[in-house]
Amino acid sequence: MTYENLKPRDIFWNTLGMCSYAIVSLFLSVIIVSIAGGVEGGIFSFGFSTLARLVFIVTFFGIRPLHIVDIKYRYTFLDYRNFGIRLGVASLILGFTYVIFRYCTGIYDLKKSFILILLIVHGAIDGFSDYYECEYQRVNRLYMSGISQFLRIVIFAFTLATILLLTKELLLALVIALLLELLTFYILNIRYSNAYFDRNTINNNGKKLFYEALPLFLITFLDTFVFSMSKLYIDVELGDMYSGFYGIVFMPTNAVYLLMTLFMKPMLTPLANSYYRDKKEYNLILRKSLYVAFAIAIISIVGAFIFGKFYLDIIAYFTNNSYSEFESLSRQILVILMIGGSFYTVTTPYYFSLIIENKRVHILVVYIIVSILSIFIVRYFIKTYGIMGASYGFVASMSLIFLGIVIAKFVGLVIKDE
């Protein structure tokens, strides 16, 4: 797929698919807090936006940049799909083990453990679906990738909210929502894709694919780990009420990053093609992407200053002021988080360009260093400044990523490909 081949339906459905996750995350967090209370809302917020996302990363193993630019079909769809099945099972085992361990040590109670296990299953479904959605993009059906994303998450959210409203039971609502999400996945991905995917060719290159994707996985996992570290430490150090509040205030930051990803996702294949075909076009696309990233960053920070109170007042109204004790800090935290998200947003074009240029080792070194530093930085800020410290730690981590990736890009320009 080239830049010129993108059709309006590709852009429309890709936009809906990407935006749906940010909208649904906020919608569900608010609904659950208003119906089930701040504690269960906090559990859901942590499980849905943090734990399930880490499971998602393990399942899809950072394959997307490799899969959608594999236009020479070094790996077939069945190679990718079978790889995804194995990783899906591994992610479920790891996720369940984490929750069971924390239950057995008395940190989680039984209800919280079951809620988190169900959200881990959701994360694995989401990750496995990505193999089909990447293949849709590779065969020039980007719109189907967007349709699949949009309908899966919307049906999951609508079902969860409806059952919760009727029964007030979050566990029951999650079970029914997961069953309908599985049905949607089966119809849109397994059945519908028969007409477009080659299911007759398999190279059995699982081991080779694993080693090629391993740097991407480590990069993606560490990236998500650093991005989510403030949430992880809030769950450990401060508890569910704090998780719920922080998760809701954090939502606009997620939305800003997703907006940049929304722009970059359809550009990845044209960017990869131009890198091998026309370096001048490649640099032009990359430069335009950076302009967009800076524009989004500036607008998001200014928007947080101007509209932050309005957003927080709406949230307070719909959550019945469940987090009123944090009201004096909420606007400050929102603006600080948006600054951190802006660092992350501006990093995105350079991040993808380094992957396309096969400079993955450069990125991996950056993320290993930043991950180690962030563990100490975020924990120190949260222990010292509480919930406000989480936002300080997030900005520190994102600025380190930005600095590291810019340096890696410069090193990549100096050290040319062999």
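The values are calculated or read from the model by the stated rules, or taken from the named source; none is laboratory data. Predicted, not measured: the structure shown is a model, and the values here were computed from it. Quick reminder, even Gly has a Cβ in these numbers, built from the backbone with ideal geometry, and neighbours come from all protein chains shown.
Can you find a residue in region 268-282 that is under 18 Å from the mean Cα position of the chain (by Cα) and either within 19 Å of Y344 (Cβ to Cβ) or at pLDDT 80 or above (or both)? Within region 268-282, one or more residues are under 18 Å from the mean Cα position of the chain (by Cα) and either within 19 Å of Y344 (Cβ to Cβ) or at pLDDT 80 or above (or both). Residue count for region 81-114, restricted to those that are touching a Leu at 6+ places or on another chain (Cβ under 6 Å) and not aromatic (F, W, Y): 1.
In region 302-317, the residues that are aromatic (F, W, Y) form Cβ pairs under 8 Å with partners that are assigned to a helix (DSSP H, G or I) and surrounded by 13 or more Cβ atoms within 10 Å (Cβ to Cβ), at six or more places apart or across chains, as follows: F305/V335; Y311/P252; Y311/L334.
Of the listed requirements (1) surrounded by fewer than 21 Cβ atoms within 10 Å (Cβ to Cβ); (2) at pLDDT 85 or above; (3) more than 17 Å from the chain's Cα centre (by Cα); (4) within 24 Å of F394 (Cα to Cα), L214 misses just one: (4). Of V366, V395, V361, all but one fail to be among the β-branched types (V, I, T), closer than 20 Å to L258 by Cα and touching a residue at least 12 places away in the same chain (Cβ under 8 Å); the exception is V395. When region 138-177 is filtered for residues that are modelled with pLDDT of 90 or more and among the small types (G, A, S), the ones remaining, listed by number, are A157, A161, A173, A177. Checked against (1) over 26 Å from P270 (Cα atoms); (2) not in a helix (DSSP H, G or I), Y73 passes all but a single condition, namely (1). Only a single item in (1) among the small types (G, A, S); (2) modelled with pLDDT of 90 or more; (3) surrounded by 22 or more Cβ atoms within 10 Å (Cβ to Cβ) is not met by S49, and it is number (2).
Name the residue that is nearest to K409 (Cα to Cα), counting only residues in region 318-327 that are free of Cβ contacts under 8 Å to residues at least 60 places away in the same chain and either in a helix (DSSP H, G or I) or in contact with a strand residue (DSSP E or B) (Cβ under 6 Å, 6 or more places away or on another chain) (or both).
Initial filter on region 318-327 (free of Cβ contacts under 8 Å to residues at least 60 places away in the same chain): 321, 324-325, 327.
Keeping just the survivors that are either in a helix (DSSP H, G or I) or in contact with a strand residue (DSSP E or B) (Cβ under 6 Å, 6 or more places away or on another chain) (or both) gives 324-325, 327.
On the way: S324: 44, E325: 44, E327: 41 Å.
Here the residue is E327.
All conditions but one from (1) farther than 27 Å from W13 by Cβ; (2) at pLDDT below 90 apply to V69; the one that does not is (1). Taken over region 217-228, the criterion of being closer than 17 Å to Y246 by Cβ and modelled with pLDDT under 85 is satisfied by no residue.
Every residue, every condition in (1) under 21 Å from M260 (Cα atoms); (2) surrounded by 21 or more Cβ atoms within 10 Å (Cβ to Cβ); (3) touching a strand residue (DSSP E or B) at 6+ places or on another chain (Cβ under 9 Å); (4) touching a residue at least 24 places away in the same chain (Cβ under 8 Å), yes or no:
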site: I11; (1), (2), (3), (4): yes, no, no, yes
site: F27; (1), (2), (3), (4): yes, no, no, yes
site: E40; (1), (2), (3), (4): no, no, no, yes
site: V55; (1), (2), (3), (4): no, yes, no, yes
site: R64; (1), (2), (3), (4): yes, no, no, yes
site: K72; (1), (2), (3), (4): no, no, no, no
site: R86; (1), (2), (3), (4): no, no, no, yes
site: V89; (1), (2), (3), (4): no, no, no, no
site: L94; (1), (2), (3), (4): no, no, no, yes
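Output the residues belonging to region 328-364 that are over 18 Å from F250 (Cβ atoms) and either outside any helix (DSSP H, G or I) or aromatic (F, W, Y) (or both). Within region 328-364, Y350, Y351, F352, E357, N358, K359 meet the criteria.
You will find that of L183, L171, L178, L165, the residue that is surrounded by fewer than 19 Cβ atoms within 10 Å (Cβ to Cβ), touching a His at 6+ places or on another chain (Cβ under 7 Å) and in a helix (DSSP H, G or I) is L178 and no other. Working only within region 108-137, note down all residues that are surrounded by fewer than 21 Cβ atoms within 10 Å (Cβ to Cβ), modelled with pLDDT under 90 and either among the β-branched types (V, I, T) or part of a helix (DSSP H, G or I) (or both). The answer is none; no residue qualifies. Scanning region 109-165 for residues that are more than 13 Å from L180 (Cβ to Cβ) and among the hydroxyl-bearing types (S, T, Y) turns up S113, S129, Y131, Y132, Y136, Y143, S145, S148. The set of residues in region 238-266 being charged (D, E, K, R) and modelled with pLDDT of 75 or more consists of D240 alone.
Consider Y103 carefully, then state whether it is hydroxyl-bearing (S, T, Y) and either in a loop (DSSP other than H, G, I, E, B) or within 21 Å of the chain's Cα centre (by Cα) (or both). In short, no.
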